[in-house]
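**Student:** Next up is a structure, given as structure tokens.
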Amino acid sequence: MTKPLLEVQNLRKVFKKADGSQHVAVDDISFHLETGEIFSFLGPNGAGKSTTINMITTQLTPTSGTIKIAGRDIRTDPINARRKIGIVAQHNNLDRGLTAFENLVYHGRYFGMTTQAAEQRANELLADFGLSEWRQDYVKSFSGGMAQRLKIARAIMHRPQLLFLDEPTTGLDPAYREILWDHVLRLNRQQQTTVFLTTHYMEEPERFSDHVAIYQQGKIRALGTIPELRQLVPAASIVYATVDAVTAPLLQELNQQPFIKEILQKDEKNLAIFPNTNDQILQQVLPIFEKQPVKLENIRLSFASLDDIFVHVTEHPTEMEVKTHA
Amino acid sequence: MHNQTTLNVFWIMVKRDLLIQWRNWAEFIFRVVMLPFILILTYGYVLPKIGVLPASFPNDLFPGMVGMSLLITGIHGTAVPLSMDFNNSREIEDRLQAPVPVMVTAWAKMFVGMIESWIGALLVLPISLIFMGQSLRLHLTTGNIFLLFLILLLSSFASAALGLLVGTIVKPNQIAAMFPGFLMPVIFTGAIFFSWSALVKLPFYQVLVLVNPLVYINEALRHTMLGASNAMPLTYSLLGILAFTILMGVMGMRRFRKMAVR
Ligand SMILES: Nc1ncnc2c1ncn2[C@@H]1O[C@H](COP(=O)(O)OP(=O)(O)OP(=O)(O)O)[C@@H](O)[C@H]1O
Ligand SMILES: [Mg+2]
């Protein structure tokens, strides 16, 4: 068996807050990434995702735990670690006093590319990300989405083996989201680039990831492939119903049914119903709606979406059995 | 091979800083020239001309102006961009992510600070020649010029080291307070307008000002440029500069490392 590209063992980070109290941002997490996989790290705001990335990318010292990249401890060999890493940070950290082109070329030069190679690749990436026209413009004049595109281009300039994307598509329009994924998947396929992704858009991990970790309050609540995670929710198939207005009697009636394990009210109109059985569920559910004075607008049966898995796992934190793909 | 890439990256980072400074050259010149200009105009021209200060005063002032301009420019050139980089724009993150020791970024910043401090010292020359050219009586021999070069080199290093320390401590919103709170005391206790030995009448003050690195720089410059017999002995002033450089350098490096890898 080959060595994993990234190994994280019992990683912890405790911050001192301004009032002197302590805040455990990352609480004893362990996981690993194989070369060439796409790993999604999902969690609500403040879960500790960026903190985890900062520690792995040598920007932040862990309180305890070990991180190894290609078998080498990043604490003893941070330079080797950084050589393999590319980062799209959550915030804009572009060089404001340089042009778009210079941002890319300097970055390439820091990573040992020759000027010629760096300029050539910079031009290619600027074209791909629709920035050729702004090649000689200073980054301080860029719109949010343009800056985001340039950050992505910069992170892949030196063809990293391990790419960290901290909410990379925030602020990007759908066309550039596709272009980003096009690039990332191409790097992933052609150069076995391993991707560590955090995002709040569930369709991205659903489409692209090999493994997903659901992370909350510094702890990994669940980790596995999406089919594996599906087994953590009460039912693999879920009934999604939309009514004009969810009423208390409707919920009560649904709750009394022996074939229904759990009901998740998503908003005032939408319900996710987790059944006990996979047999003829719709046929059993439909009459309940018909008996109630509500207008059923839509009903369908489908596999649990990552969204539902995420909501379920984060709302039932203690019951969850944490899976690790060891 | 490995050291070769590290050195390359150092020069690329230096180039980046110089490029950005070059793009703001007018602002740079203005910032560097204004302080010595107004001081030289007042203390080197107006006050001696109207008799408030003796006619020999400009000659004593000149080394102090060189030392001051060098130190202030170097501190400013290193500290301000560093403080902004770390706290506001976080631009520095890209350089800290380069596959070289994080200290290379600090060395590059200091190197650029040193270059700026030299420019700061050089710009004093034309201003001095214009306003107090007739009063200058410099004693420069070949040996002295070599010594002078050494002092300027060491002093510029001291100023960049101090800039590194200041830049990693001061937050951008505190930069405005730096002028009255830090630079002004450094200037006015820095043996610019008086020779350190003249403070013998104020023994307490004479000891107090020894915490100011500018005292040693100016005394060393005064000694070398004017052959001044009343300046602090050269060994002391050189040791003072050296000690400050090492102290500030070590503390600055430590702070930088803390900021770079939080
Ligand atoms: N330097 C710091 N000092 C103190 N607390 C910090 C520091 N950095 C992060 N935290 C705290 O650690 C927790 C995790 O922050 P982090 O930025 O890692 O969250 P996140 O999962 O990336 O959230 P988001 O989805 O909003 O980006 C938060 O509660 C945050 O306030
Ligand atoms: Mg974050």
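The values are calculated or read from the model by the stated rules, or taken from the named source; none is laboratory data. Predicted, not measured: the structure shown is a model, and the values here were computed from it. All Cβ positions, even for glycine, are placed from backbone atoms using ideal geometry, and neighbour counts span all protein chains on display. Accessible surface is based on the protein model in full, side chains and every heavy atom, while ligands, DNA and RNA are left aside. Shrake-Rupley method; radii C 1.70, N 1.55, O 1.52, S 1.80 Å.
**Student:** When only C-alpha pairs under 8 Å and at least 6 residues apart count, what is the relative contact order of the stretch A:235-303, in percent?
**Tutor:** 50
**Student:** Suppose only helical runs count, i.e. DSSP H with n ≥ 4. What mean residue ellipticity at 222 nm does that imply for chain A under -39500 (n - 2.57) per run, divided by all residues and rounded to the nearest 500 deg cm²/dmol?
**Tutor:** That calculation yields -10000 deg cm²/dmol at 222 nm.
**Student:** Dividing the alpha-carbon Rg of the stretch A:182-326 by 2.2 N^0.38 Å yields what?
**Tutor:** Relative to the rule-of-thumb radius for its length, the stretch A:182-326 sits at 1.21.
**Student:** Modelling each spin label as a point 7 Å along the Cα-to-Cβ direction, I'd like the A:F15/B:S197 distance in nm, to one decimal.
**Tutor:** Going from the A:F15 label point to the B:S197 one covers 5.8 nm.
**Student:** Then there is this: Mind listing the long-range amide H neighbours of A:N276? Cut-off is under 5 Å, sequence gap 5 or more, other chains count too, H placed in the peptide plane at 1.01 Å from N.
**Tutor:** A:I260, A:K261
**Student:** Quick check: the distance between the Cα centres of the stretch B:93-146 and the stretch A:7-39, to the nearest angstrom?
**Tutor:** Using only Cα atoms to place each centre, the spacing works out to 44 Å.
**Student:** Cβ under 11 Å from A:L306's Cβ, A:L306 left aside: what net charge do those residues give with Lys, Arg +1 and Asp, Glu -1?
**Tutor:** Surrounding charge for A:L306 is -3.
**Student:** For the stretch A:129-285, what does the accessible surface come to per residue with a 1.4 Å probe? Please give it in Å².
**Tutor:** On a per-residue basis, 42 Å².
**Student:** A:K219's amide H: which non-local residues (gap 5+, or another chain) put their own amide H closer than 5 Å, with H modeled 1.01 Å from N in plane and none for Pro or chain starts?
**Tutor:** Placed amide hydrogens put A:D27 under 5 Å from A:K219.
**Student:** If you don't mind, there's one more thing I want to ask. Out of all DSSP beta bridges in the protein assembly as shown, what portion is antiparallel? Express it as a percent rounded to 5.
**Tutor:** Looking only at bridges with both residues in the protein assembly as shown, the antiparallel portion is about 70 percent.
**Student:** Sticking with this one: If amide H atoms are built 1.01 Å from N in the plane of the peptide, which residues on other chains or at least 5 residues away come under 5 Å of the amide H of A:I38?
**Tutor:** Here the answer is A:V195, A:D210, A:H211, since their amide H atoms fall under 5 Å of that of A:I38.
**Student:** Next up: Which links in B:K109/B:K258; A:K16/A:K84; B:K109/B:K171; A:K17/A:K219 stretch past 21 Å when you go from one Cα to the other?
**Tutor:** A:K16/A:K84, as the Cα separations exceed 21 Å there.
**Student:** On to the next question. Contact order normalised by length for the stretch B:2-260, with contacts defined as Cα pairs under 8 Å and 6 or more residues apart; what percent is it?
**Tutor:** 26
**Student:** Specify the angular offset, from 0 to 90 degrees and rounded to the nearest 10, of the alpha carbon long axis of helix A:174-191 from the longest principal axis of the alpha carbons in chain A.
**Tutor:** That helix lies at roughly 70 degrees to the long axis.
**Student:** By how many degrees, between 0 and 90 and to the nearest 10, does the Cα long axis of helix B:213-226 differ from the longest principal axis of chain B?
**Tutor:** 50
**Student:** Under the √(5λ) rule applied to the eigenvalues of the Cα gyration tensor, what semi-axes describe the equivalent ellipsoid of the stretch B:2-260? Give them in Å, descending.
**Tutor:** Its equivalent ellipsoid spans semi-axes of 33, 19, 18 Å.
**Student:** Please give me, ordered by residue number, the trypsin sites (Lys or Arg not before Pro) of the stretch B:47-144 that lie in loop per DSSP and have at most 13 other Cβ atoms within 10 Å.
**Tutor:** Those that pass, being in a loop and sparsely packed, are B:R137.
**Student:** What's the average, rounded to a whole number, of partner chain beta-carbon atoms within 10 Å of each residue's beta-carbon in B:92-104?
**Tutor:** The mean count of partner-chain Cβ atoms within 10 Å per residue comes to 6.
**Student:** Separate question: In chain B, carbon and sulfur make up what percent of the accessible area (probe 1.4 Å)?
**Tutor:** 73
**Student:** Given C-alpha coordinates of the protein assembly as shown, what is the ratio Rg to Rh with the Kirkwood estimate of Rh?
**Tutor:** 1.14
**Student:** I would also like to ask the following. In nm, to one decimal, how far is the A:A117 label point from the B:Q206 one, both placed 7 Å along Cα→Cβ?
**Tutor:** A separation of 6.4 nm, rounded to one decimal place.
**Student:** Helix B:25-39 versus the longest principal axis of chain B: what angle, 0 to 90°, nearest 10, using Cα atoms?
**Tutor:** The helix B:25-39 is inclined about 30 degrees to chain B.
**Student:** Beta carbons within 10 angstrom, averaged per residue: use that to sort the peptides B:178-184, A:229-235, A:4-10, highest first.
**Tutor:** Peptide ranking by packing, descending: A:229-235, A:4-10, B:178-184.
**Student:** Let me ask another. Total Å² of accessible surface buried at the A-B contact, 1.4 Å probe, nearest 100?
**Tutor:** Interface area, both chains combined: 2500 Å², rounded to the nearest 100.
**Student:** In whole Hz, what ³J(HN,Hα) sequence does the stretch B:5-17 give by Karplus (6.51, -1.76, 1.60; θ = phi - 60°), x for Gly and Pro?
**Tutor:** 5, 4, 5, 4, 4, 4, 5, 5, 5, 4, 4, 4, 5
**Student:** FRET efficiency for B:K49 and B:R254, Cβ-Cβ distance as r, R0 = 45 Å, nearest 0.05?
**Tutor:** With R0 = 45 Å, the Cβ-Cβ based efficiency is 0.40.
**Student:** What is the ratio of the Cα radius of gyration of the stretch B:104-223 to 2.2 N^0.38 Å, where N is its residue count, to two decimals?
**Tutor:** Against the empirical 2.2 N^0.38 Å value, I get 1.19 for the stretch B:104-223.
**Student:** Next up: Would you mind pulling out the separation of the Cα centroids of the stretch A:220-288 and the stretch B:44-78, in Å?
**Tutor:** Spelled out, the Cα-based centre of one part sits 82 Å from the other.
**Student:** Report, for chain A, the % of DSSP beta bridges that are antiparallel, rounded to 5.
**Tutor:** Of those bridges, close to 70 percent are antiparallel.
**Student:** Take every Cα pair under 8 Å in chain A that's 6+ residues apart, average their separations, divide by the length, and report that relative contact order as a whole percent.
**Tutor:** It comes to 19 percent, rounded to a whole number.
**Student:** Mind giving me the FRET efficiency for A:T170 and A:L286? R0 is 35 Å, r the Cβ-Cβ distance, nearest 0.05 is fine.
**Tutor:** Computed FRET efficiency for A:T170 and A:L286: 0.30.
**Student:** For A:H316, project a label point 7 Å along Cα to C-beta. Then give me every residue of the stretch A:232-252 with its amide nitrogen under 16 Å of that point.
**Tutor:** Only A:232-239 fall inside the zone, counting backbone N under 16 Å.
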